[in-house]
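Peer 1: Have a look at this one before I ask anything.
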């Protein structure tokens with residue numbers, strides 16, 4: 001197929017609409033009609049999936065079979081040579097490279113360095129996908145470097161950075177447990193990002209994004225040595241999880257979390273999960289002091305130490321009418337003191353202990 005027809009209107013305008021909302025079925029139907037004039041089988045492939053998604057449960061298997069049969073017979077016709085080199089003769093990608101196809105396009109890519117041992121490397125595999133016209137609507141990227149060499153890490157970062165202006169990424173999962181993960185750089189890569197999960201040695205000077213709704217930060221270090229120059233600006237963030245396996249003093253862990261969140265723009269935040277070794281007692285007090293717990297609907301503190309100090313703090317806030325929004329408190333993995341347990345069970349929110 002000659003993809004250049006999509007670089008000018010009306011193709012360009014149609015694609016922008018799909019990048020803005022890849023779930024718009026009407027936009028996909030219009031796009032299928034347009035692209036059928038240049039690649040009839042590709043347009044047919046899009047329409048097949050639209051029919052499958054709109055079908056009743058008893059017809060879903062039939063439409064799924066038709067989609068798979070169409071892919072088996074025709075997908076090679078529009079796969080470009082660079083992407084084709086990624087597959088073997090049976091059409092299989094290398095182990096550790098998993099592609100998610102929608103409407104004939106690559107919507108998601110997962111790279112697992114723990115399983116990917118053969119050539120090409122993770123960076124070469126990512127390059128083959130990003131350089132393909134079929135990745136123009138790719139919305140999900142997951143990279144787990146495992147023990148892959150630093151050259152591949154550098155190559156992956158460079159490729160994403162170079163492609164950031166055109167990527168339609170909504171979800172990025174980035175696991176580099178052995179290297180530095182620059183949070184500000186990851187956020188800058190994807191202006192449309194809605195979900196970011198990061199595991200590694202976390203660094204960054206800013207924590208800002210206009211669209212991010214879900215953020216998970218995981219580290220083995222003392223948590224969040226980000227040293228932000230200014231308070232975090234995440235106005236649409238609804239869900240935040242912070243996970244640390246560090247063995248520092250509980251007070252230090254709690255102070256790090258407070259330093260990260262104090263003064264932050266988190267007006268939409270409703271769900272907070274904290275997995276901090278033995279720091280639950282302290283972190284509840286710290287976050288209550290800055291008014292963050294008071295806005296939550298869901299608060300999870302699994303395996304983090306939850307005792308009389310934390311229970312007393314929440315009980316006091318509840319008596320003052322400051323926890324009226326809280327619907328669920330999850331504290332699994334704790335042998336709670338009987339008095340603390342009775343106090344929490346007497347509250348109006350759901351208490352989850354397992």
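Peer 1: Could you calculate, for region 170-352, the ratio of the Cα radius of gyration to the Kirkwood radius, expressed as Rg to Rh?
Peer 2: Taking Rh as the inverse mean 1/r over Cα pairs, Rg/Rh reads 0.97.
Peer 1: I've got another one for you. From the alpha carbon gyration tensor of region 41-95, can you work out the equivalent ellipsoid semi-axes (sqrt of 5 times each eigenvalue) and give them in Å, largest to smallest?
Peer 2: That gives 26, 13, 8 Å for the three semi-axes.
Peer 1: While we're on this one: If r is the Cβ-Cβ distance from residue 136 to residue 238 and R0 is 25 Å, what FRET efficiency results, to the nearest 0.05?
Peer 2: Rounded to the nearest 0.05, the efficiency is 0.35.
Peer 1: With an 8 Å Cα cut-off and a minimum separation of 6 or more residues, compute the relative contact order for the chain in percent.
Peer 2: Once divided by the residue count of the chain, the mean separation gives 7 percent.
Peer 1: Relative to the longest principal axis of the C-alpha atoms of the chain, give the angle of the C-alpha long axis of helix 150-163, reported between 0 and 90° and rounded to the nearest 10°.
Peer 2: Helix 150-163 sits roughly 70 degrees off the main axis of the chain.
Peer 1: Which percent, to the nearest 5, of DSSP beta bridges fully inside the chain are antiparallel?
Peer 2: Roughly 10 percent of the DSSP beta bridges within the chain come out antiparallel.
Peer 1: Moving to a separate point now. Rg and Dmax of region 123-183, using alpha carbons, in Å: what are they?
Peer 2: Radius of gyration, then largest Cα-Cα span, for region 123-183: 11.4, 32 Å.
Peer 1: Taking the beta-carbon count within 10 Å as an exposure proxy, list 21, 184 from fewest neighbours to most.
Peer 2: Final ranking by Cβ density, sparse to dense: 21, 184.
Peer 1: Stretched out fully, how many nm does the piece from residue 270 to residue 339 gain, at 0.36 nm a residue minus the Cα gap?
Peer 2: 22.1 nm
Peer 1: Let me ask another. Would you report the distance distribution of C-alpha pairs in region 246-337 as whole percents per 10 angstrom bin, up to the bin with the largest distance?
Peer 2: Binned Cα distances yield the sequence 17, 54, 27, 1.
Peer 1: Please state, rounded to one decimal and in Å, the Kirkwood hydrodynamic radius that region 3-78 gives when every pair of distinct Cα atoms enters the mean of 1/r.
Peer 2: 13.2 Å
Peer 1: So for each of 123-132, 146-155, 276-285, 40-49 I average, over its residues, the number of other beta carbons within 10 Å; can you give me the resulting order with the highest mean first?
Peer 2: Most protected by this proxy first, the peptides run 276-285, 123-132, 40-49, 146-155.
Peer 1: Then there is this: Mind checking the full-extension length gain between residue 188 and residue 5? Use 0.36 nm per residue of separation minus the Cα-Cα distance, one decimal, nm.
Peer 2: That works out to 62.9 nm of additional length.
Peer 1: Looking at the P(r) of the chain, how many percent of alpha-carbon pairs lie beyond 24 Å?
Peer 2: 63 percent
Peer 1: Same structure again: If you fit an axis through the alpha-carbon atoms of helix 280-289 and take the longest principal axis of the Cα set of the chain, what angle between them do you get, 0 to 90°, nearest 10?
Peer 2: On a 0 to 90 degree scale, this one is about 90.
Peer 1: Work out, in µm²/s and without decimals, the Stokes-Einstein translational diffusion coefficient of region 22-166 at 10 °C, 1.306 mPa s, Rh from Kirkwood over C-alpha pairs.
Peer 2: This corresponds to a translational diffusion coefficient of 97 µm²/s.
Peer 1: Given R₀ = 35 Å, what would the calculated FRET efficiency be for residue 19 paired with residue 59, taking r from the Cβ atoms and rounding to 0.05?
Peer 2: Efficiency at R0 = 35 Å is approximately 0.70.
Peer 1: How far, in degrees from 0 to 90, does helix 25-36 lean away from the longest principal axis of the Cα atoms of the chain, to the nearest 10?
Peer 2: 20 degrees
Peer 1: Give the separation of the Cα centroids, region 163-224 to region 45-101, in Å.
Peer 2: That distance is 30 Å.
Peer 1: Hey, another quick one. So what's region 112-152 giving for Cα Rg divided by 2.2 N^0.38 Å, two decimals?
Peer 2: 1.22
Peer 1: At a Förster distance of 35 Å, what's the computed FRET efficiency of residue 93 paired with residue 227, Cβ-Cβ distance as r, to 0.05?
Peer 2: Computed FRET efficiency for residue 93 and residue 227: 0.30.
Peer 1: Sorting check: for 212-219, 325-332, which peptide has the highest mean count of neighbouring beta carbons within 10 Å, and how do the rest follow?
Peer 2: Final packing ranking: 212-219, 325-332.
Bear in mind these aren't lab numbers, they're just calculated from the coordinates by the rules spelled out. Quick caveat, the model's predicted, so the values are computed rather than measured. Using ideal geometry, Cβ is built from the backbone for each residue, glycine included, and neighbour counts are taken over all protein chains shown.
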